[in-house]
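The values are calculated or read from the model by the stated rules, or taken from the named source; none is laboratory data. No experiment lies behind these values; they were computed from the predicted model shown. Don't worry about glycine lacking a Cβ; one is built from the backbone with ideal geometry, like all the others, and counts go over all protein chains shown. To get the accessible areas, we keep the full protein, side chains included, count just its heavy atoms, and leave off ligands, DNA and RNA. Shrake-Rupley method; radii C 1.70, N 1.55, O 1.52, S 1.80 Å.
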Amino acid sequence: MGPGAFADAVDALLGESARFVVLAAALLGAHVAVAIAAIARRRLWRLIPGLNLAVAGTILLYKASEYAGYPGLIDVARDHLATSVDMQFIAFEAAVAVAAGFALAAWRAAAWLSVAALGINALGVAATLEFALTFRLDRLI
């Protein structure tokens, strides 16, 4: 397995539009289910940072694998570091992962940041799902 194997495997898995839509719908469903569970039973609030940590960790692993497999992307990102949407996305997900870790350690402020991050990620997944349902995607990259 090469450095970009994880990113390549994810790209192969999500290569078809239908699989991408199913995954996006499942991810949106997970966000909604976790939010409802946390509201219904306050003891389940740790589900929120847990889901955030799982999603952010997967995204960061994918991005690290992508940059390792395609080193030319690093040069492009470095040239436009401040304006690169990719770098801003990575920074956001890294912050989500850190906040989720602190929330799981019972830091109250970090728990509220995790709630906000759950909402932002759910909106992002919903927008991605809407885009995928509106336009046929042949490939992600």
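ALA40: within 21 Å of PHE102 (Cβ to Cβ) and either surrounded by 15 or more Cβ atoms within 10 Å (Cβ to Cβ) or modelled with pLDDT of 85 or more (or both), yes or no? Can you show your working first?
On the way: within 21 Å of PHE102 (Cβ to Cβ): no; either surrounded by 15 or more Cβ atoms within 10 Å (Cβ to Cβ) or modelled with pLDDT of 85 or more (or both): yes.
Considered against the rule, which asks whether it is within 21 Å of PHE102 (Cβ to Cβ) and either surrounded by 15 or more Cβ atoms within 10 Å (Cβ to Cβ) or modelled with pLDDT of 85 or more (or both), ALA40 comes out as no.
Which residue, of ALA100, ALA82, ALA77, is of a type in the set (Gly, Ala, Ser), in contact with a Ser or Thr (Cβ under 9 Å, 6 or more places away or on another chain) and modelled with pLDDT under 90?
The unique qualifying residue is ALA77.
Please tell me if VAL32 is part of a helix (DSSP H, G or I), open to solvent by 40 Å² or more (accessible area, probe 1.4 Å) and touching a residue at least 60 places away in the same chain (Cβ under 8 Å). Spell out the reasoning first.
Values: part of a helix (DSSP H, G or I): yes; open to solvent by 40 Å² or more (accessible area, probe 1.4 Å): yes; touching a residue at least 60 places away in the same chain (Cβ under 8 Å): yes.
Judged against the criteria, VAL32 is a match.
If I filter segment 91-109 down to residues being surrounded by fewer than 19 Cβ atoms within 10 Å (Cβ to Cβ), of a type outside the set (Phe, Trp, Tyr) and in contact with a helix residue (DSSP H, G or I) (Cβ under 7 Å, 6 or more places away or on another chain), which single residue comes out as farthest from ARG43 (Cα to Cα)? Working first, answer last.
Keep residues of segment 91-109 that are surrounded by fewer than 19 Cβ atoms within 10 Å (Cβ to Cβ), which gives 91-92, 94-95, 98, 101-102, 104-109.
Checking the rest, the ones that are also of a type outside the set (Phe, Trp, Tyr) come to 91, 94-95, 98, 101, 104-106, 108-109.
Going one step further and asking which of them are in contact with a helix residue (DSSP H, G or I) (Cβ under 7 Å, 6 or more places away or on another chain), we end up with 94, 101, 104.
On the way: ALA94: 26, GLY101: 17, LEU104: 13 Å.
Restricting to residues being surrounded by fewer than 19 Cβ atoms within 10 Å (Cβ to Cβ), of a type outside the set (Phe, Trp, Tyr) and in contact with a helix residue (DSSP H, G or I) (Cβ under 7 Å, 6 or more places away or on another chain), the top hit is ALA94.
With respect to ALA97, is the statement that it is touching a Gly at 6+ places or on another chain (Cβ under 7 Å) and either closer than 16 Å to LEU51 by Cα or not small (Gly, Ala, Ser) (or both) true? Step through it out loud before you land on a result.
On the way: touching a Gly at 6+ places or on another chain (Cβ under 7 Å): yes; either closer than 16 Å to LEU51 by Cα or not small (Gly, Ala, Ser) (or both): yes.
Answer is yes for this residue.
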